[in-house]
Amino acid sequence: MLNASEIRAELAARRKNYSLSRALYCDEGVYQADLEQIFYREWLFAVPAAELPKTGSFATLQVGAYPVILTRGSDGTIRAFHNVCRHRGQRLCSKASGTSPKLVCPYHQWTYELDGKLLYARDMQEDFDASAHGLKKVHCVDIGGMVFICLAEVPPPIADLAKTLGAYLAPSGIKTAKVAFQSTIVEKGNWKLVIENNRECYHCGGSHPSLCRTYSDNPRMTAMEGPDAASPDILAHWARCEAAGLPSRFINHPKMQWRLARIPLLNNAESYTMSTKAAVTGMRMGEMPFNDAGSLLFFHYPNTWNHFLADHAIVFRVLPLSATETQVTTTWLVPADAVEGKDYDLKTLTEVWEATNDEDRQVVEENQAGILSPAYEPGPYSTVQEEGVIQFVDWYCDTMSERLGDAPALAA
Ligand code: 3BY
Ligand code: FES
Ligand code: FE
């Protein structure tokens with residue numbers, strides 16, 4: 001298990017444009033450092049607001065050692081709390097999601113309001129101060145229907161993301177959508193392998209027959225730099241979408257922690273379906289002006305990538321479970337008034353990405369299995385195909401090196 005100075009040495013020794021060292025993908029000390037320096041400090045995508053449709057809706061998630069609960073209060077506000085009872089520390093809620101008018105601890109029934117206030121604690125002494133025992137808050141912000149949380153005491157700035165993502169999402173109907181389906185899978189691979197795999201389509205032709213019906217694996221589609229950054233196809237797509245009121249151009253965070261970009265699908269495909277036609281018929285998301293608007297892509301490190309289409313949206317949440325296990329939750333959103341069996345059927349809506357997720361799970365698990373071999377050594381990324389991966393590992397290594405600081409190693 002590596003200590004901070006050994007992790008710093010691994011980061012410093014890395015070869016630019018090469019995959020990371022075995023330890024950075026497998027070591028327990030690196031895993032703990034990833035949690036402490038990244039997952040406990042950054043804004044994380046938690047849930048789409050649609051997962052908490054009404055007063056009393058709740059959802060829980062686990063970020064490393066921290067159980068978190070999100071609720072929607074009677075004022076409509078979504079809030080996040082540490083999912084830990086202020087009496088003797090019981091995990092307050094063990095269900096993934098549901099509806100409840102109050103949060104009742106299963107141990108001794110201390111009862112909290114949806115806004116975290118302690119309402120009732122049976123047989124506590126006179127001098128007990130209920131107001132000092134409300135649930136501990138977790139920073140929480142709802143940006144256009146995408147709810148982010150941050151466990152840090154002082155979260156990093158989010159105003160720029162809120163402004164830009166808010167504007168890009170406004171016509172996409174995320175705020176007013178409903179959850180049609182959700183899947184949670186565990187991939188036996190380090191969280192960075194899950195993100196790396198998502199950031200390239202070098203593997204798409206070999207792994208994703210159904211996704212490739214509609215999604216182009218041409219790296220120029222999402223190239224952000226160089227003379228080819230925006231191909232004529234992309235420029236034409238942006239012009240058409242922007243004229244119809246859809247913000248579309250690539251926008252990158254200065255340190256590339258996030259990116260927004262609207263790309264066309266292949267041959268004017270409308271959606272990620274086997275037929276290439278919309279999965280939801282007779283209506284569109286929000287203010288989407290036409291079916292073939294392509295996909296608005298949004299990633300935010302360390303834990304989300306998303307596709308916002310004209311007929312539905314698919315949002316992804318990545319949470320590390322151990323050095324070599326990662327939970328991936330996928331949620332399919334459709335317009336709130338779409339009726340299952342009439343306006344869409346679940347198989348048509350979900351089959352392409354259900355297959356794609358399973359294909360990616362296999363890829364990631366085989367990648368982890370190979371990297372666990374002592375014979376593994378970092379290999380070169382393709383600068384043509386894997387620009388996104390290079391950019392992610394650069395972000396990761398820069399962030400970690402900066403945060404692990406340059407204090408001299410302590411004597412053993
Ligand atoms: O898990 C439960 O049933 C309850 C409902 C609301 C939150 N949780 C403590
Ligand atoms: Fe929650 Fe006792 S630990 S009521
Ligand atoms: Fe893939």
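Laboratory data are not the source of any read-out in this text; all were calculated from the coordinates shown. Bear in mind the structure is a predicted one, so any value in this text is a computation, not a measurement. FYI the Cβ positions are ideal-geometry reconstructions off the backbone, even for glycines, and counts take in every protein chain you see.
Remark: segment 104-179 is approximated by an ellipsoid whose semi-axes, taken from the C-alpha gyration tensor as √(5λ), come to 36, 16, 8 Å, largest first. Using a cutoff of 8 angstrom between alpha carbon atoms and counting only pairs six or more residues apart, the relative contact order for segment 103-205 works out to 14 percent. Taking the Cα centre of the chain as reference, the dipole from Cβ charges on Lys and Arg (+1) and Asp and Glu (-1) amounts to some 780 debye.
Applying a DSSP loop filter and a limit of 12 other Cβ atoms within 10 Å to the GluC sites (Glu not before Pro) in segment 170-263 leaves Glu225.
Volume per residue for segment 1-142 equals 149 cubic angstrom (convex hull of Cα atoms). Compared with the alpha-carbon gap, the fully stretched path from Glu153 to Gln362 is longer by 71.5 nm at 0.36 nm per residue. Restricted to Cα atoms, segment 159-372 shows a radius of gyration and a Dmax of 16.7, 50 angstrom.
As a proxy for reagent exposure, Asp217, Asp123, Asp360 were ordered by neighbouring Cβ count within 10 angstrom, fewest first; the result is Asp123, Asp217, Asp360.
For the chain, taking a cut-off of 4.7 Å between Cβ atoms, the unpaired cysteines are Cys26, Cys93, Cys140, Cys150, Cys212, Cys241, Cys397. Calculated mean residue ellipticity, 222 nm, the chain: -7500 deg cm²/dmol, from DSSP H runs (n ≥ 4) at -39500 (n - 2.57) each, averaged per residue and rounded to 500. Relative contact order of segment 159-372, taken over Cα pairs closer than 8 Å and 6 or more residues apart, is 30 percent. Taking a ≥ b ≥ c as the square roots of the Cα gyration tensor eigenvalues, with a/c under 1.5 meaning rounded and otherwise prolate when a/b beats b/c, else oblate, which class fits the chain? Note, shape of the chain comes out oblate. Panel order for Thr326, Thr71, by other beta carbons found within 10 Å of each beta carbon, from fewest to most: Thr326, Thr71.
Over segment 270-367, the pair-distance histogram of Cα-Cα distances with 10 Å bins from zero comes to 14, 44, 29, 11, 1 percent, rounded to whole numbers. Sorted ascending by nearby beta carbons within 10 Å, beginning with the fewest, Arg122, Arg15 become Arg122, Arg15.
Counting only residues 5 or more places away or on other chains, whose amide H sits under 5 Å from the amide H of His139 once H atoms are built in the peptide plane? The answer is Cys150. Considering segment 303-412 at the alpha-carbon level, its Rg and Dmax are found to be 19.5, 68 Å. Across the chain, the mean sequence separation of Cα contacts (distance under 8 Å, 6 or more residues apart), normalised by length, yields a relative contact order of 20 percent.
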